[in-house]
Amino acid sequence: MARVVRFHRHGGPEVLQIETVEVAPPARAEVQIRVKALGLNRAEALLRRGTYIETATFPSGLGLEAAGIVTSVGEDVAGFAPGDAVSIVPPLSMVRWPAYAELANFPAEIVVKHPPELGFETAAAVWMQYLTAYGALVDIAGLGRGDVVAITAASSSVGLAAIQIANRIGATPIALTRTSAKRRALRDAGAAHVIASDEEDIGARLAAIAGSNGVRVVFDAVGGPAFEPLTAAMSTGGILIEYGGLSPEPTPFPLFNVLTKSLIMRGYLVHEIIRDPVRLARAKSFILEGLADGALKPIIARTFRFEEIVAAHRFLESNTQFGKIVVTV
């Protein structure tokens, strides 16, 4: 028997319940993990509210990131043994393989032996943010040394990961955040420049920073009216990668900017990296090397206990965090 977090109806954080259930042994090609820490993501709040790309089947579990110790392995699993310290790449379905649990099974192909110097809390904060940022910036955009990249929602865990990845490559990361409140923290986190979008002229600031070469890559989680000034500051042949939709306002299509600059605008979900073994292997190698050399350092906003999962989700939805929320189990 093990404690798991489930919900029986859509709603706010209060619908989450801790229940005790019988956990089946790992199936073929699966690994069972005694979970020590969880990383929380906005996708989990969306599933809980019924607005995610995946549909919950009640009672539903949830969760995309975990770190812990291998307890047992299923048939046809090689490379893992009981006692191994591991973390998981987000599964393609959190309804099928939910992470919010004391004991959980995952496909062996998404289980990773994390560097020994990482603690469980840090390991649980790695894969969603760095895979998302790597897939967009490196795999798709081909971000290179000297490129200028604009990163919106920069204080999120993915935004901070993007800043670190840009710095590791030698690109110039420009962080966009709503107000000046997080300006110093973003500079300390590695942003070369910070723009407070509610207080400054985005287009003018980007143009002043990027100069005549313009912003080659925009990594955006917001959408909305900012599309116009963002694309106006981009270089010819630049690429805007959209991975979110945080703005409640309509998102205009910047037709004139796209036409005159031959811009690429592309939607992106991390699943396209996770479901491709070759691309995923390259991503894992880059991330593990970055963790080892210290260029990539997960920033944890706050840590909660498993029993505080409702409070953790309330904090997740407050939009005040700087970095990753972690839950210890």
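The values are calculated or read from the model by the stated rules, or taken from the named source; none is laboratory data. Just so you know, these numbers come straight off a predicted model, no measurement behind them. Positions of Cβ are generated from backbone atoms using ideal geometry, with glycine treated the same way; all protein chains shown enter the neighbour counts. Heavy atoms of the whole protein, side chains included, go into the accessibility calculation; ligands, DNA and RNA do not. Shrake-Rupley method; radii C 1.70, N 1.55, O 1.52, S 1.80 Å.
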Check whether at least one residue in region 33-40 is in contact with a Pro (Cβ under 8 Å, 6 or more places away or on another chain), at negative phi and not hydrophobic (A, V, I, L, M, F, W, C), and report yes or no. no
Give the residue, chosen from 28, 48, that is in contact (Cβ under 8 Å) with a residue 12 or more places away in the chain, open to solvent by less than 10 Å² (accessible area, probe 1.4 Å) and not in a strand (DSSP E or B). 48
Residue set 53, 88; condition out of contact with any strand residue (DSSP E or B) (no Cβ under 9 Å at 6 or more places or on another chain) and over 17 Å from residue 25 (Cβ atoms); output residue 53
For region 112-156, what are the residues that are among the β-branched types (Val, Ile, Thr) and surrounded by fewer than 24 Cβ atoms within 10 Å (Cβ to Cβ)? 112, 122, 138, 140
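Yes/no matrix, rows are residues, columns are (1) in a helix (DSSP H, G or I); (2) at pLDDT below 95; (3) open to solvent by 50 Å² or more (accessible area, probe 1.4 Å):
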residue	(1), (2), (3)
249	no, yes, yes
273	yes, no, no
303	no, no, yes
307	yes, no, yes
326	no, no, no
Go through the residues of region 257-266 one by one and say whether even a single one is within 18 Å of residue 197 (Cα to Cα), in contact (Cβ under 8 Å) with a residue 24 or more places away in the chain and not in a helix (DSSP H, G or I). no
Residue pairs within 9 Å by beta carbon, gap of at least six or interchain, first lying in region 51-67 and closer than 9 Å to residue 39 by Cα and assigned to a strand (DSSP E or B), second among the acidic types (Asp, Glu) and open to solvent by 10 Å² or more (accessible area, probe 1.4 Å), listed first then second, are 67/121
For residue 95, work out the one condition from (1) among the β-branched types (Val, Ile, Thr); (2) part of a strand (DSSP E or B); (3) closer than 24 Å to residue 33 by Cβ it doesn't fulfil. (2)
Take the residues in region 191-204 that are in contact with a strand residue (DSSP E or B) (Cβ under 7 Å, 6 or more places away or on another chain) and either in a loop (DSSP other than H, G, I, E, B) or of a type in the set (D, E, K, R) (or both), then tell me which one is modelled with the lowest pLDDT. 197
Expected output for region 197-219 (first residue closer than 13 Å to residue 149 by Cα, partner modelled with pLDDT of 90 or more and open to solvent by 60 Å² or more (accessible area, probe 1.4 Å), Cβ below 8 Å, 6+ apart or cross-chain) is 209/193; 214/236
Could we say that residue 34 is basic (Lys, Arg), open to solvent by 30 Å² or more (accessible area, probe 1.4 Å) and without any contact (Cβ under 8 Å) to a residue 60 or more places away in the chain here? no
If you check 174, 209, 169, which single one turns out to be over 20 Å from the mean Cα position of the chain (by Cα) and either among the hydrophobic types (A, V, I, L, M, F, W, C) or crowded, with 18+ Cβ neighbours inside 10 Å (or both)? 209
Matching residues, region 290-299, being open to solvent by less than 60 Å² (accessible area, probe 1.4 Å) and in contact (Cβ under 8 Å) with a residue 12 or more places away in the chain: 290, 291, 295, 296, 298, 299
List pairs: first in region 77-102 and in contact (Cβ under 8 Å) with a residue 60 or more places away in the chain, second in a strand (DSSP E or B) and among the hydroxyl-bearing types (Ser, Thr, Tyr), Cβ under 9 Å, 6+ apart or cross-chain? 98/60
Return the total of residues in region 265-275 being in contact with a helix residue (DSSP H, G or I) (Cβ under 9 Å, 6 or more places away or on another chain) and under 15 Å from residue 92 (Cβ atoms). 5
Taking region 1-22 on its own, how many of its residues are surrounded by fewer than 17 Cβ atoms within 10 Å (Cβ to Cβ), in a loop (DSSP other than H, G, I, E, B) and not charged (D, E, K, R)? 5
